[in-house]
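Working notes, structure below.
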Amino acid sequence: MGATRDIWYLHFATFFFFLGIALVGPLISPFAISLGADPFLVGIVAAVSAVVALVTKPLGGFLGDRGLRFHLMVAGTVLGIVAGVLYVLSYYTSQLWLFALGRGLHGFAMGIFFPPNLSTAIDLAPKGRVGETLGWRGTMFSLGNLIGPALGGYITDFSGFTVAFSVAAFLSLVSTLLVLNAYRHVGKHLPRRRKSEERASYRQLLSPFFVFASLGLLFMSLAYSGLNTFLPAIYKVSGLGTAAFGTYASIMGASSLFTRVIGGRQADLRGPVKVASLGLSLIIAAYVILNASLFPPGAYVSAAIIGAGFGLAVPSLQMMALAYLPERIRSFGSGIYTMFFDLGFLIGPVLLGYVAKASGYGAVFPLLPWIAFLALLSVQFPRFLSSGSEPGGG
């Protein structure tokens, strides 16, 4: 089937879009400081993109369900180009507000690109291979986020901020061309609306699979945000260099890449609940191992297991949440679902920050297995509350 091969245009568009965004990530704070931002303003500028992405994802999903999926993806990539141009202009004008505006546009770009991109991947997946397709899409997303920070740092060290920002804009341009090519090749394969789907109600987002997959994602993200925030902090105060957590994160990312497609394929065969449960169980076990060996090199064992768990859980949770939804509301559902990941990353550092302030950084890590256990518990409920079988499996 043409869509099977041609969907890779969309996968590669996903890779280059998020590679451009990830490239800028490690440059935000140092560049803002170079423009004279104080620590408070650095934090504000760093948060702008995530906040804008969070509040615009429902809009991206809503418009995507009205036949504008590829239009929104193209608009998102074009906004990525504009954001890169604003970054360059902020360098030459030394205007922090221009850089902050660019960050806001990049956040808006993510908000309108991500939901239709995710739902379109599901719609274009060959029959019986939804999980596998999501696994490959997730691999492209993760690969961009794995390569991007190192690429951005390397370019900046050798050629300066302006070259790095220009490369980010160029990567968005490549993504634009790939999305247009994807539409030319696979747009015709998208399911046509049927009358039954025209009557699809947003109340179907209250289905057990969607609700509890979203809650599972929230708790998984909340625990991961604690790891991502406070493990580098405890390494810092313990006298370790930044490379200690950099290595930890790289091991997690590489391990996740190896298991994403496996997780998706197994979700197709066995059902997403079973595979998500296995992935979350691995994550819980890894957090227990981390508490037993918090510092390198022993900590790197937990990094490999966490990454493997994410690779199994992420495509399975996506399939669990979205495969049951009618095509007519799937983009909006994708936007709402992915908001739970963002919420976890916004809430986690604040809640766990209070724990760290009261009892020290080390008090955060014993909580992580319990938070991840709540994610595991959440994904079990649909088995008992839904009369139908889970999508893709028994």
remark   = So the pair-distance distribution of region 1-188, from every Cα-Cα distance in 10 Å bins, comes to percents of 10, 37, 33, 15, 4, 0
query = What Kirkwood hydrodynamic radius do you get for the chain when you take the inverse of the mean 1/r over all pairs of distinct Cα atoms, in Å?
reply = 21.3
task = Sorted from largest down, give the three principal axis spans of the alpha carbons of region 108-153, whole angstrom values.
result = 41, 23, 9
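Give the Rg/Rh ratio for region 204-380, taking Rg as the radius of gyration of the Cα atoms and Rh as the Kirkwood radius, to two decimals.
Values: Rg = 16.2 Å, Rh = 16.3 Å.
Result: Rg/Rh = 0.99.
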ask   = Of the heavy-atom accessible surface of the chain (probe 1.4 angstrom), what whole percent is carbon and sulfur?
value = 70
inquiry  = What number comes out for accessible area per residue over region 1-188 if the probe is 1.4 Å? Units Å², please.
reply    = 39
message = Could you tell me how many cubic angstrom of Cα convex hull volume region 7-48 has per residue?
response = 58
request  = Would you mind listing how long region 78-236 runs along its three principal axes, going by Cα atoms, in whole Å with the largest first?
outcome  = 55, 44, 28
task = Give the Cα extents of region 140-187 along the principal axes, in whole Å, largest first.
result = 41, 21, 8
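The values are calculated or read from the model by the stated rules, or taken from the named source; none is laboratory data. Computed from a prediction, not measured in an experiment: that's the story for all the values here. For accessibility, only protein heavy atoms count, side chains too; no ligands or nucleic acids. Shrake-Rupley method; radii C 1.70, N 1.55, O 1.52, S 1.80 Å.
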